[in-house]
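Below is one structure, written out as structure tokens; the observations come after it.
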Amino acid sequence: MSQQQAVDTAKLKFTNATDHLQEELKKLRTGRAHPSMLEGVMAEAYGTPMPLIQLATITTPESQLIQISPFDPNNIESITSAIRNNQSLGLNPTDDGRVIRVPIPPLTEERRREIGKQVGVKLEECMISMRNVRHEAMDAIDKAKKDKLVGEDEAKRLTQQVDEIMNTSKSEAENIAKTKESEIVSL
């Protein structure tokens, strides 16, 4: 692997870390219904756990309601219990035999603080991931310098590139988290 490839790989991994943070934050409740809130829910169907998206159509007909239309009505009970048993969601679905409705209750101040803490935890996980990526890139550059594949000046330039990419990605991740927090507080 060339030294520039190490920098490019690090850049890709930093981007993946921020993308993962965005996906994780989408799953957090903000008081407004969104189909991605149920992305991580696995329901028992046909003897195996399956993602909800493979079992039903998920829509939001109102800002405070998620509607789930199962492809097979026999799965209604397992979908309902999977949502109810997911403690991180804190939702209570109801069904009428064909459609499952999940009302999204307004967030209390205490629940908003809890979700805000979850945003902080997810951001810290992203930062740890970024630090690990930076560490890997620096190791690759140091190894190349040690093996005399690059000179001192080139190693310094590559190190600066990695640090610049890291700082850009870090500020992007912090902005994503700040936006999510303000979204949680304002609703």
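The values are calculated or read from the model by the stated rules, or taken from the named source; none is laboratory data. No experiment lies behind these values; they were computed from the predicted model shown. Quick reminder, even Gly has a Cβ in these numbers, built from the backbone with ideal geometry, and neighbours come from all protein chains shown. Calculation scope for accessible area: heavy atoms of the full protein, side chains included, ligands and nucleic acids excluded. Shrake-Rupley method; radii C 1.70, N 1.55, O 1.52, S 1.80 Å.
With the crude spin-label approximation of a point 7 Å out along Cα→Cβ, what separation in nm comes out for ASP147 versus ASP163?
Using points 7 Å along Cα→Cβ, the separation is 2.5 nm.
Using 0.36 nm times the number of residues separating THR15 and GLU39, minus their current alpha carbon distance, what extension gain do you get?
Extending this stretch completely gives an extra 6.5 nm.
List the aspartates and glutamates whose Cα sits under 12 Å from the Cα of LYS27, skipping any in the same chain fewer than 8 residues away.
Result set, ordered by chain and number: GLU39.
Output wanted: per-residue J couplings in Hz (rounded whole) for region 172-183, from phi through Karplus 6.51 cos²θ - 1.76 cosθ + 1.60, θ = phi - 60°, x for Gly and Pro.
Per-residue couplings from phi come out as 5, 5, 5, 5, 4, 5, 4, 4, 5, 4, 5, 5 Hz.
Mind pulling the angle between the C-alpha long axis of helix 3-26 and the longest principal axis of the chain? Nearest 10 degrees, somewhere in 0 to 90.
So the inclination is approximately 20 degrees.
Give me the percent relative contact order of the chain, please, defined on Cα pairs under 8 angstrom at least 6 residues apart. Show your work: numbers first, answer last.
Numbers: 232 pairs, mean separation 51.2, N = 187.
Contact order relative to length: 27 percent.
Hey, can you find the accessible area per residue of the chain for me, probe 1.4 Å, expressed in square angstrom?
I get 58 Å² per residue for the chain.
Efficiency by 1/(1 + (r/R0)^6): what FRET value for THR57 and GLU136, r their Cβ-Cβ distance, R0 = 30 Å, to the nearest 0.05?
0.15
GluC sites (Glu not before Pro) within region 22-52: which are DSSP loop residues with at most 15 other Cβ atoms inside 10 Å?
Working: sites: GLU23, GLU24, GLU39, GLU44; in loops: GLU39.
In loop regions of region 22-52 (DSSP not H, G, I, E or B), the sparsely surrounded GluC sites (Glu not before Pro) are GLU39.
Sorted by average packing, counted as other Cβ atoms within 10 angstrom per residue and highest first, what order do 163-170, 82-89, 46-53 take?
Order by mean packing, descending: 163-170, 82-89, 46-53.
Taking the 0 to 90 degree range and rounding to the nearest ten, how far is the long axis of helix 109-146 tilted relative to the main principal axis of the chain, both from C-alpha atoms?
Compared with the principal axis, the helix lies near 30 degrees.
State the extension gain, in nm to one decimal, for the chain segment bounded by TYR46 and ASN85, taking 0.36 nm per residue of separation less the distance between their alpha-carbons. Spell out each step's value before the answer.
Values: separation 39, 0.36 × 39 = 14.04 nm, distance 1.89 nm.
The span from TYR46 to ASN85 would gain 12.2 nm if fully extended.
Over the alpha carbons of region 22-126, what is the largest minus smallest coordinate on each principal axis, giving the biggest first in Å?
Computed over region 22-126, the largest-to-smallest principal extents equal 40, 27, 20 Å.
Any chance you could check the Cα centroid distance between region 67-126 and region 161-187 for me, in angstrom?
Here the answer is 26 Å between Cα centres.
Could you work out what % of the accessible surface of the chain is carbon and sulfur, using a 1.4 angstrom probe and leaving DNA, RNA and ligands out of the count?
Working: 5500 of 10940 Å².
The nonpolar share, carbon plus sulfur, comes to 50 percent.
Grab the Cα-Cα distance for ARG111 and ASN74, subtract it from 0.36 nm times how many residues apart they are, and report the gain in nm with one decimal.
9.9 nm is the gain from fully extending ARG111 to ASN74.
Taking amide H atoms as placed 1.01 Å from N in the peptide plane, list the residues 5 or more away in sequence, or in a different chain, whose amide H sits under 5 Å from that of MET50.
Those lying under 5 Å, H to H, from MET50 are ALA43, GLU44, ALA45.
If amide H atoms are built 1.01 Å from N in the plane of the peptide, which residues on other chains or at least 5 residues away come under 5 Å of the amide H of THR60?
Residues meeting the amide H criterion: GLN67.
When Rg/Rh (Cα atoms, Kirkwood Rh) is calculated directly from the model, which label among (i) 1.04; (ii) 1.15; (iii) 1.07 fits?
Calculated Rg/Rh (Cα atoms, Kirkwood Rh): the matching label is (ii).
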